[in-house]
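**Q** Here you go, one structure.
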Amino acid sequence: DVDSLIALYSLPDNTTEQKADAVKRIRRALEQIESEIQAVPDDANGYNEYAWLVANTEGDVQKAIRYSKLSLVKSFDSASYLDTLAHCHAAAGDTAAAVRTQSLALRQEPHNRTIRRNLERFRAP
């Protein structure tokens, strides 16, 4: 589960060894997701999952952006996939793109508190 890996990676009291173990697990998960993408290239979820994991931990952010965009091609107008792309832009340091993309996600789901909260976070200095 990528969200569990993100939580493990983000624990504030991780020792150096625990952080290294989390990174190792993330790399294995990315390899597994990549295999799933190769096996089922038309499924948008794998691309989005890869991008979400990288955007919230570490890895090739440019690849995550490409994969996130591919997920949107395969599943057009998904607010959660737009949210992932916004996180990828933020991870790449492109705050303006993160805000634009998150604004699109909010337009798709105007009552989604998580998307609104993320937009506020991306707008914060």
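**Q** Could you grab me the full set of residues in region 30-86 that are of a type in the set (S, T, N, Q) and in contact with a Leu (Cβ under 6 Å, 6 or more places away or on another chain)? Quick ask: steps written out before the conclusion?
**A** The first filter runs over region 30-86 and keeps only residues of a type in the set (S, T, N, Q), leaving 32, 35, 38, 45, 48, 56-57, 62, 68, 71, 75, 78, 80, 84.
Correct list: Ser68 only.
**Q** Test Ser4 against the criterion of being under 16 Å from the mean Cα position of the chain (by Cα), crowded, with 21+ Cβ neighbours inside 10 Å, closer than 26 Å to Arg116 by Cβ and not acidic (Asp, Glu), and give yes or no. Walk me through how you get there before you give the answer.
**A** Values: under 16 Å from the mean Cα position of the chain (by Cα): yes; crowded, with 21+ Cβ neighbours inside 10 Å: no; closer than 26 Å to Arg116 by Cβ: yes; not acidic (Asp, Glu): yes.
Judged against the criteria, Ser4 is not a match.
**Q** Can you find a residue in region 86-98 that is under 21 Å from Asp1 (Cα atoms), open to solvent by less than 20 Å² (accessible area, probe 1.4 Å) and not hydrophobic (A, V, I, L, M, F, W, C)?
**A** Yes; the residues of region 86-98 include at least one that is under 21 Å from Asp1 (Cα atoms), open to solvent by less than 20 Å² (accessible area, probe 1.4 Å) and not hydrophobic (A, V, I, L, M, F, W, C).
**Q** Residues in region 99-107: is at least one loosely packed, with under 12 Cβ neighbours inside 10 Å and without any contact (Cβ under 8 Å) to a residue 40 or more places away in the chain?
**A** Filtering region 99-107 down to residues loosely packed, with under 12 Cβ neighbours inside 10 Å leaves none.
There is no residue in region 99-107 that is loosely packed, with under 12 Cβ neighbours inside 10 Å and without any contact (Cβ under 8 Å) to a residue 40 or more places away in the chain.
**Q** Still on this structure: Just for region 19-44: of the residues that are open to solvent by 90 Å² or more (accessible area, probe 1.4 Å) and not in a loop (DSSP other than H, G, I, E, B), which one is nearest to Gly59 (Cα to Cα)?
**A** Arg27
**Q** Taking only pairs six or more apart or across chains, which ones have beta-carbon atoms under 8 Å, a first residue in region 62-91 that is under 15 Å from Glu109 (Cα atoms), and a second residue that is open to solvent by 20 Å² or more (accessible area, probe 1.4 Å) and acidic (Asp, Glu)?
**A** Matching pairs, first to second residue: Ala79/Glu109.
**Q** Specify the residue that is nearest to Asp43 (Cα to Cα); the eligible residues are those in region 75-119 that are of a type in the set (D, E, K, R) and not in a helix (DSSP H, G or I).
**A** Checking each candidate, the answer is Asp77.
The values are calculated or read from the model by the stated rules, or taken from the named source; none is laboratory data. Remember, predicted model here, so these are calculated numbers, not experimental data. Don't worry about glycine lacking a Cβ; one is built from the backbone with ideal geometry, like all the others, and counts go over all protein chains shown. Accessible surface areas use protein heavy atoms only, side chains included; no ligands, DNA or RNA. Shrake-Rupley method; radii C 1.70, N 1.55, O 1.52, S 1.80 Å.
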